[in-house]
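Each value in this text was obtained by applying a stated rule to the coordinates, not by laboratory testing. No experiment lies behind these values; they were computed from the predicted model shown. Cβ atoms come from the backbone with ideal geometry, glycine included; neighbour counts cover every protein chain shown.
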Amino acid sequence: MRKFLAKNAPGYLFLSPWLLGFFFLAIGPIVTSFYLSFTKYDIATPPRFIGIEHYEYMFVWDARFWQSLKVTFAYVFMSVPGTLIFALAVAMLLDRQIRAIGTYRALFYLPSILGGSIAVAILWRQLFSNAGVINSIVELVGFEGPYWLSDPDYSLYTLVILAVWQFGSPMLIFLAGLRAIPQELYEAAEIDAAGPFRKFFAITLPMLAPVVFFNLVLQMIEAFKTFNSAFIISDGRGNPLDSLLFFTLYLYNEAFSFFRMGYASALAWVLLAIIGFFTAIAFATSKYWVHYENERG
């Protein structure tokens, strides 16, 4: 035990702020929300235990629950690959030594600093309004722009574009991974007359697999938790016609618009289970395509 503590003490010391916050601030609300998910509770009256009625209603009768899942899954499966592909493409463009490259990297990272703010969501809503800048540009080239925010066939794409625009964080992580790839591998590939695509799929992508996996898990979790942009652009209700009814937005409305705290707690635990399920799938399948340096050696 003493050897274990001596070996791991520095790690636990650095983890101590998070551990203190978790045990003294987070674990209580987590346990309470689990209990409330089995009760009928509206804040004004004491919680009344009702067993699994919330979960039964959710999966059997609640059509808006299934709509929120449909919207959220569509968003995740479009925004996560789009963000990773775009971030990797930009990182490869910035992985070179040119004048003022640091400035370019900072500018490309800027959307990630601003992207989660309320102000940017409001700006995004103005850009994609019927008479906004995006439709004005589309009209300049001779086409009629769609009703991005009022047409349920297009509304979700505005949030997907916003998510892809916030590519700065995965881009920096990809850039660090690219800088760690030995240049000798590319030199050897050039001697063998390998072209750019061959070098990308034979060297860059396999060497970046751990970084791709890391970014994939982080972006997937963040996509499932998307709330601010959906709340602002849909006026907090998931409009039009529930096409922007994200799971988190539905949970928020159940809790703070209708004060169904018990049902909202059940929704929160379902969201946790969904995120855990897809994260577990990512880890289970990673052994088939993610290979680390010590494994190669």
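Brief remarks follow.
- Coil-residue chymotrypsin sites (Phe, Trp or Tyr not before Pro) of the range 29-95, DSSP, other Cβ within 10 Å capped at 16: TRP61
- Net charge contributed by nearby residues that have their C-beta within less than 15 Å of GLN166 (K/R +1, D/E -1): 0
- Counted as membrane-span-like here are DSSP H helices of the chain whose alpha-carbon atoms extend 18 Å or more along the helix's own axis and whose Kyte-Doolittle mean is 0.5 or above; these are 63-94, 101-114, 209-224, 261-286.
- Burial order of peptide ranges 205-213, 191-199, 100-108 (average beta-carbon count within 10 Å, highest first): 205-213, 100-108, 191-199
- With each label modelled as a point 7 angstrom along the Cα→C-beta vector, the ILE101-SER150 pair spans 4.9 nm.
- Working from label points 7 Å from Cα in the Cα-to-Cβ sense, the SER257 to ILE274 distance is 1.7 nm.
- Pairwise label distance in nanometres, LEU93 with ARG237, each label 7 Å out on the Cα-Cβ vector: 4.0 nm
- Annotation: lysines with alpha-carbon distance below 22 angstrom to LYS7 (same-chain offsets under eight excluded): none found.
- 23 Å Cα-Cα reach of LYS287 towards lysines, excluding residues that sit fewer than 8 places from it in its own chain: LYS199
- Correct option for Rg and Dmax of the Cα atoms in Å [calculated from the coordinates] among (1) 18.5, 61; (2) 23.2, 76; (3) 19.7, 66: (2)
- When the Cα gyration tensor is reduced to axis lengths a ≥ b ≥ c, the ratio a/c is 1.5 or higher for the range 85-129, and with a/b above b/c it is classed as prolate.
- Partners for LYS225 among lysines (Cα-Cα distance below 18 Å; same-chain residues under 8 apart left out): LYS70
- Computed from point charges on the beta carbon alone (+1 for Lys and Arg, -1 for Asp and Glu), the dipole magnitude for the chain about its Cα centre is near 960 Debye.
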